[in-house]
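Everything below concerns the one structure shown next.
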Amino acid sequence: MKAVIQCGGMGTRLRPFTSVLPKPLMPIGARPVLELLLKWLRRNGIEDIYVTTGYLGHLIRSVCGDGSQWNLKIRYTQEMEPLGTIGPLSLIRDELTEPFLVLNGDVLTDLSLSRFVAAHRKHKDSVTIATTCRLIKMDFGVIDEVDNTVQIFREKPTLSHLVSMGIYCMNPDVLQFIPSGVPFGFDDLMLQMMQAGRVVHVYKHEGLWLDIGRVDDFQNAQSISWEDQSASIEVAAAAA
């Protein structure tokens, strides 16, 4: 199975650090997050990878090369103008002839790709989104109202939401919804598919997931020992 890693973003949430480094090269301990992600893919049996680049893409190419140091085959695309979170797939649509994975280049997780892919293949629809629950602390008093009268007031509540992990399994037919040469986000893809009456599935993951583009997750990742063995990651996830 091929995997597409999206690495074209500017990493604005991590400025000023991403003024000189693309987000996928931000260091987690002594190694860039993209290297950890690539090694995780290799442990899960993925060898054929496309990396979509834009902002500071030459640095990503310099660090990762052709992937042979990790027994991977890496090929690159370069966006002349930003194409959004899912638009870069239009650059390699002819290469994606079988079910494939799409991942943001700033995620770290202990998700089992074999289980995720098996769940996707079982239902036979075009897209499965890897999801997890996140608790979000509100900084405001939250009001539920009816006819301009307060029904419930909650002071700075903690809310639970099912969120996308930035990891997707897709069938090639999804590419028909993605235009060429214009910015196109995953939210645009979901809107197009739902308007077309297409079913989109979720896969719920209860283990470790960090979005390195968030400052809190970036700092939390520094406290985990990211060895190459899956077991070490699972131990860290259980202790978190």
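One decimal place: the segment residue 163-residue 123 gains 12.3 nm when fully extended, by the rule 0.36 nm per residue minus the C-alpha distance.
Once all protein chains are placed together, residue 123 keeps about 50 Å² accessible to a 1.4 angstrom probe.
Available extension along the chain between residue 115 and residue 133 is 4.7 nm, counting 0.36 nm per residue and deducting the alpha carbon span.
When you count the other C-beta atoms within 10 angstrom of each residue and take the mean per peptide, 135-148, 58-71, 205-218, 33-46 line up highest first as 33-46, 205-218, 58-71, 135-148.
Placing pseudo-labels 7 Å out from each Cα toward the beta carbon at residue 1 and residue 182 gives an inter-label distance of 3.1 nm.
Summed over the residues of the stretch 65-124 and divided among them, the accessible surface reaches 50 Å² per residue at a probe radius of 1.4 Å. Cross-link partners of residue 137 among aspartates and glutamates, defined as those whose alpha carbon lies under 14 angstrom from its own and excluding same-chain residues fewer than eight positions apart: 155, 216. When both the stretch 55-123 and the stretch 135-159 are represented by their alpha-carbon centers, they are found 39 Å apart. Projecting the Cα atoms of 4, 146, 212 onto the charge dipole of the chain (Cβ charges, centred on the Cα centre) puts 4 farthest toward the positive pole. Split the accessible area of the stretch 22-152 by element, probe 1.4 Å, and carbon with sulfur accounts for 53%. If the segment from residue 145 to residue 63 were pulled out straight at 0.36 nm per residue, it would be longer than the present Cα-Cα gap by 24.2 nm. Pairs of C-alpha atoms in the stretch 40-112 farther apart than 14 Å represent 64 percent of all such pairs. Separation of the alpha carbons by more than 20 angstrom is noted, of 39/122; 39/73; 2/122, for 39/122.
The values are calculated or read from the model by the stated rules, or taken from the named source; none is laboratory data. This structure is a prediction, so every number in the text was calculated from the model and none was measured. Positions of Cβ are backbone-derived with ideal geometry, glycine not excepted, and every protein chain shown enters the neighbour counts. Calculation scope for accessible area: heavy atoms of the full protein, side chains included, ligands and nucleic acids excluded. Shrake-Rupley method; radii C 1.70, N 1.55, O 1.52, S 1.80 Å.
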